[in-house]
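The values are calculated or read from the model by the stated rules, or taken from the named source; none is laboratory data. All of these numbers come straight from a predicted model, not from anything done at the bench. Here the Cβ positions follow ideal geometry from the backbone for every residue, glycine too, while neighbour counts run over all protein chains shown. To get the accessible areas, we keep the full protein, side chains included, count just its heavy atoms, and leave off ligands, DNA and RNA. Shrake-Rupley method; radii C 1.70, N 1.55, O 1.52, S 1.80 Å.
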Amino acid sequence: MRASQIIASLLLVATLGAPSLAQEDRRPNFLFIFSDDHAPHAIGAYGTRYSAINPTPNIDQLANQGMTFKASFCTNSICGPSRAVILTGKHSHYNGFMANGDRFDGDQQTFPKLLRAAGYQTALVGKWHLQSDPQGFDYWDVLPGQGDYYNPELINANGRRMIEGYCTDIVTDLAIDWIENRRDQSKPFLLMAQHKGPHRNWMPPLRHLDWLDGITLPEPATLFDDYADNASPASWQEMEIDRHMALVFDLFLNPPPDFDPKKERGTDKSGFNNMNRMTKSQRMAWDAAYADENAAFYESPLEGKNLVRWKYQRYMKNYLRTSRAVDDSVGRLVDYLDEAGISDNTIVIYSSDQGFYLGDHGWYDKRWMYEESLAMPLVVRWPGKVGLGITNGDLVQNLDYAPTFLDLAGVDIPVDMQGRSLAPLLMGDPKVGWREEIYYHYYGYPAVHQVARHYGIRTERYKLIHYYQFGEWELFDLQEDPDEVSNVYADPVYREVAFNLAERLGALRAHYGDTTGGELMPQDWRDARRVKK
Ligand code: CA
């Protein structure tokens with residue numbers, strides 16, 4: 001036997017002799033499929049007004065194979081902050097990423113770092129949106145900033161390059177490639193596959209451009225909300241389909257002959273610019289799909305409510321088509337796990353960073369503590385461990401994700417994480433006592449869309465919101481008023497409820513250590529804003 005063979009044999013004995021982590025590591029893998037702005041009320045499993053068109057067959061199937069959290073909420077309804085909360089298990093004021101434009105302190109403790117230290121392989125592909133470079137990942141390949149839908153650039157350790165194709169499909173390809181070819185197969189893995197879709201400007205893939213043609217989608221009951229009963233911030237925001245959604249930039253109408261993009265103020269041009277990055281054949285297919293509708297629009301101009309209705313239809317169809325591509329990704333990824341024979345030991349999670357207004361209250365975008373943007377989808381499949389087709393109604397938050405990952409991997413949860421592990425809920429433990437209220441805090445004012453800063457508390461039945469910059473309050477009885485159009489804060493019938501909730505809100509702020517949120521805008525600014533549009 002040659003020396004090298006002897007050494008090899010000794011190594012083999014050593015490997016077999018010691019209880020090898022590599023061979024016995026049956027800790028679960030995590031496939032975290034995460035999208036951007038995908039509202040639960042656009043997903044079949046959550047009950048959607050669009051159920052007739054079956055918008056999310058693959059996510060619905062995942063729900064049938066696992067647990068759907070129906071009372072799932074964010075702590076701060078905006079992209080970057082939600083991601084920071086997920087990574088850290090800490091509220092925005094505590095992890096330091098409070099508003100979009102902040103820079104995530106990547107040196108701090110995150111759950112991917114802790115999983116990696118415990119022997120997991122960790123990877124991140126797709127949207128990151130936290131300004132600083134990702135840390136805690138063996139592999140990452142991310143979109144710069146918001147990323148582009150068509151022919152996006154991606155950045156990894158080797159630099160930056162453009163990949164031709166549709167972003168959601170590319171992220172899916174990268175995710176599958178990592179599982180198949182790039183990871184250390186002896187270790188369990190965490191893969192975060194994070195999509196840009198269906199974020200503004202809602203650009204569908206070519207294959208779904210004709211889906212929903214000729215269909216009239218149902219409108220939300222509050223499409224023409226007049227905010228008559230709300231605190232003043234609802235009436236002076238800048239996120240209305242009517243007043244703020246742009247026909248060319250947001251809805252892809254052909255620019256009229258006198259159109260000057262520089263004169264279109266305050267609108268998001270990313271979709272318009274992305275069209276210029278399309279290949280010739282992509283652009284031809286894109287233009288052809290909208291040609292007839294666009295021509296018809298100019299032939300008989302609309303105004304008033306009819307124009308809002310037209311914009312809503314175009315917006316929602318593109319949103320649902322873009323979401324459909326995310327749903328395709330869920331189908332492809334789950335199928336791949338089956339084909340690779342690793343489904344049984346892989347926990348699949350579907351979520352999105354917050355909800356979104358689908359014409360509800362006349363709006364698009366997010367930010368508010370109202371239900372449509374406070375809610376986040378959360379579906380978890382773990383074959384053989386989590387029951388089939390189960391719904392859970394406990395109040396859970398993105399704050400809970402980090403402790404949940406750690407708990408399911410058998411890693412200690414650091415005491416400074418503020419969320420709770422969802423593992424007992426997933427296992428259907430009937431004895432687990434759960435929280436009866438959640439805390440929320442949004443910081444982005446003044447900023448795009450002009451939504452006043454607010455914090456608040458939501459219980460199963462009630463929601464109390466404090467717009468502290470303007471000294472205004474809202475109270476909603478969700479049982480009597482699920483659309484939140486009737487602010488009962490000043491109603492004597494609710495006096496005791498309001499008092500009780502305010503006390504609990506104060507206790508929650510103390511519990512989470514949130515001392516931010518005392519700033520009051522100058523009186524003349526408040527007075528000016530209170531004058532309704
Ligand atoms: Ca988002």
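Quick notes on this one:
- Only aspartates and glutamates eight or more places from LYS385 in sequence, or on another chain, were considered; those with a Cα closer than 15 Å are ASP344, ASP407, ASP429.
- For HIS454, the amide hydrogen comes within under 5 Å of the amide hydrogens of TYR442, counting only partners 5 or more places away or on other chains and with H modelled in the peptide plane.
- With helices as the sole contributors, the chain gives -9500 deg cm²/dmol at 222 nm; each DSSP H run of n ≥ 4 counts as -39500 (n - 2.57), and the sum is divided by every residue.
- What you get for the range 29-134, charging only the Cβ of Lys and Arg (+1) and of Asp and Glu (-1), is a dipole of about 180 debye around the Cα centre.
- Student exercise, the range 453-530 dipole from Lys, Arg, Asp, Glu Cβ charges, in Debye to nearest 20: 280 debye
- Contact order normalised by residue count of the range 240-379, Cα under 8 Å, 6+ apart, percent: 24 percent
- Judged by the gyration tensor of its Cα atoms, with axes a ≥ b ≥ c, the range 453-530 is oblate; a/c meets the 1.5 cut and b/c is at least as large as a/b.
- Average Cα contact separation per residue, the range 327-449, under 8 Å, 6 or more apart, as relative contact order %: 19 percent
- Given in Å, the Rg to one decimal and the Dmax to the nearest whole number for the Cα atoms of the chain are 24.1, 92.
- Degrees, to the nearest 10: 167-177 long Cα axis against longest axis of the chain: 10 degrees
- Pairs exceeding 29 Å between alpha-carbon atoms, taken from LYS196/LYS262; LYS366/LYS431; LYS311/LYS366; LYS196/LYS311; LYS311/LYS463: LYS366/LYS431; LYS311/LYS463.
- Between GLY513, PRO482, TRP525, the Cα set farthest toward the positive side of the dipole of the range 453-530 (charges on each charged residue's Cβ, about the Cα centre) is that of GLY513.
- Loop-resident sites, the range 448-533, for GluC sites (Glu not before Pro), counting at most 11 other Cβ within 10 Å (DSSP): GLU480, GLU519
- Whole-number percent relative contact order across the chain, with pairs defined as alpha carbons under 8 Å at least 6 apart: 24 percent
- Candidate lysines for bridging to LYS90, where Cα separation is under 18 Å - those fewer than 8 sequence places away on the same chain excluded: LYS113
- Under a model in which nothing but the beta-carbon of Lys, Arg (+1) and Asp, Glu (-1) is charged, the range 301-414 shows a dipole of about 760 debye around its Cα centre.
- Qualifying chymotrypsin sites (Phe, Trp or Tyr not before Pro) for the range 257-335 [loop in DSSP, other Cβ within 10 Å: at most 13]: PHE259
- Scattering profile of the range 267-391 at q = 0.12, 0.13, 0.17 Å⁻¹ [log10 I(q)/I(0), Debye over alpha-carbon scatterers]: -0.73, -0.82, -1.11
- Between 0 and 90°, nearest 10: helix 495-512 axis offset from the chain longest Cα axis: 40 degrees
- Helix axis angle, 304-340 relative to the chain longest principal axis, alpha carbon, degrees: 10 degrees
- Taking all protein chains together, LYS113, LYS262 sort by accessible area into LYS262, LYS113, largest first [probe 1.4 Å].
- Expressed to the nearest 5 percent, the antiparallel share of DSSP beta bridges inside the chain is 50 percent.
- Taking trypsin sites (Lys or Arg not before Pro) across the range 343-441, the ones in a DSSP loop with at most 13 further Cβ atoms lying within 10 angstrom of their Cβ are LYS431.
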